Amino acid sequence: MLALDIKLWRELWDMRMQALAIAMVIVSGVGIFIMSLSTLDSLYETRETYYRDHHFAHIFASLKRAPLSLVKRIEQIPGVDKVETRVVAYVNLDVEGFEDPVSGHILSLPDNSRGLLNQIYLRNGRLPEPGHDNEIVLSEDFADAHKLQPGDKISATINGRRKALTIVGTALSPEYIYQLAPGAMFPDPKRYGILWIARQPLSTAYDMEGAFNNVALTLSRIMPGGTNEQTVIDQLDDILKDYGGIGTIGRKDQFSNRFLSEELKQQRTIATIFPVIFFGVAAFLLNVVISRLIRLQREEIATLKAFGYSDMAVGLHYIKLVLLIVSLGVIIGIGVGIWMG
């Protein structure tokens, strides 16, 4: 077999440019595959860590109006862990220097707190101070789109009354990774934003003192077999139906999370399809090159068989040639994929 091995290396050197071209195609496929999957795993892990650290709720419900005393009944639903009520409203905004219509959702924050659930992450500035009914925290995407900073002002129409609001901070929220306006297909940070304000002024503006119109809750996972999310949703719907409940949804149907999940699914599909295309091209090129090589070496193959080499030995020789080219591409591709990932 020593003679065949010498022949193998000689052939590989003679076709080095073709072998290198095929290896580079394999490098591209392997590199993209490893880069895509490692990045995708990092994104999944980052999302779950972000959700966990900022207590992203498992269940969300909107309603017309309910007294805060109803919270005790919600907390008694089997499997419920934490409950947080909020006042949420849809508002029209006016941003200086921007003529198009702008809208947003304004959400209440407890005094001196980022909230119990769906906690905001301050990127700049501070939280609204108690007693200051005109201070807001603005979503970072909206602030960046309009180049707004803490200290700037915007106007909002809150329950029919125009009010000047002072931005005291910008923030991110697990509830609004993607900020989708009602009925919109894609995020538009120039025309839709999220605002957080102290609960007292928002409750007063909408006659929600001692009441709420939005509730979020998390589920306990320590029960045997876990918690049946749909059972909790059904029970919460029964409690809220007399208070104008408009349907309870789980985390998987929450707009931002659903949009993000679909984006990640698309990335997984792309991570699978593109490498397959590269591998298919590499397989086609290898087939063409090796088939041509075998046709050109028909006389050499006959001579080898005349000297006693078996069909298996000759076939293994060409298989080794293919494996060398593939191995070169895979080894380099792994390194490239790790570096890019």
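Compute the helix-to-body angle for 16-53: its Cα long axis versus the longest principal axis of the chain, expressed 0 to 90° and rounded to tens. With rounding to tens, the tilt is 20 degrees.
Approximating the spin labels as points 7 Å out from Cα along Cα→Cβ, the Lys82-to-Ser62 distance works out to 2.3 nm. For the chain, the square roots a ≥ b ≥ c of the C-alpha gyration tensor eigenvalues yield an a/c of 1.5 or more together with a/b exceeding b/c, which makes the shape prolate. Considering only protein heavy atoms and a 1.4 Å probe, what is the carbon-and-sulfur percentage of the accessible area of the stretch 105-257? Taking all protein chains in place, the stretch 105-257 shows 49 percent carbon and sulfur surface. Phi angles of the stretch 145-153 translate, via the Karplus equation with coefficients 6.51, -1.76, 1.60 and θ = phi - 60°, into HN-Hα couplings of 5, 10, 6, 9, 10, x, x, 6, 10 Hz per residue; Gly and Pro are given as x. Computed from phi, the 3J(HN,Hα) profile of the stretch 74-86 under the Karplus parametrisation 6.51, -1.76, 1.60 (θ = phi - 60°) reads 5, 5, 7, 5, x, x, 7, 9, 10, 10, 9, 9, 9 Hz, with x in place of Gly and Pro. Comparing Gly183, Gly125, Gly329 in a Gaussian network model of the chain (Cα springs below 10 Å), the most mobile by mean-square fluctuation is Gly183. Other residues within the sphere of radius under 14 Å centred on the Cβ of Leu180, judged by their own Cβ, net out at -3 (K and R +1, D and E -1).
Which residues make up the longest stretch of the chain clear of GluC sites (Glu not before Pro) that lie in a DSSP loop with no more than 13 other Cβ atoms within 10 Å, not counting the sites? Result, exposed sites excluded: 210-341. Within 10 Å of each candidate Cβ there may be at most 13 other Cβ atoms; applying that plus a DSSP loop requirement, which trypsin sites (Lys or Arg not before Pro) in the stretch 101-153 survive? Those that pass, being in a loop and sparsely packed, are Arg126, Lys147. Of the cross-linked pairs Lys82/Lys163; Lys72/Lys241; Lys153/Lys190; Lys147/Lys252; Lys82/Lys241, those separated by over 23 Å at the C-alpha level are Lys82/Lys163; Lys147/Lys252.
Label point 7 Å out from Ile270 along Cα-to-Cβ: which residues of the stretch 319-338 have amide N under 19 Å? The answer is 337-338. The residues of the chain expose on average 55 square angstrom of accessible surface per residue, using a 1.4 Å probe on protein heavy atoms. The local environment of Ser139, defined by Cβ-Cβ distances under 11 Å, has a net charge of -3 under the rule Lys, Arg +1 and Asp, Glu -1.
What's the angle, to the nearest 10 degrees (0 to 90), between helix 255-296's Cα axis and the longest principal axis of the chain? Orientation of helix 255-296: about 10 degrees from the principal axis. DSSP beta bridges confined to the chain are antiparallel in about 75 percent of cases. Within the stretch 208-292, the trypsin sites (Lys or Arg not before Pro) that combine a DSSP coil assignment with at most 11 other C-beta atoms in a 10 angstrom radius are Arg221.
The values are calculated or read from the model by the stated rules, or taken from the named source; none is laboratory data. Here the structure is a predicted model, which means the values were calculated and not measured. We place every Cβ from the backbone using ideal geometry, glycine too, and count neighbours over all the protein chains shown. Quick note on the areas: whole protein, heavy atoms, side chains included, nothing else; ligands and nucleic acids left out. Shrake-Rupley method; radii C 1.70, N 1.55, O 1.52, S 1.80 Å.
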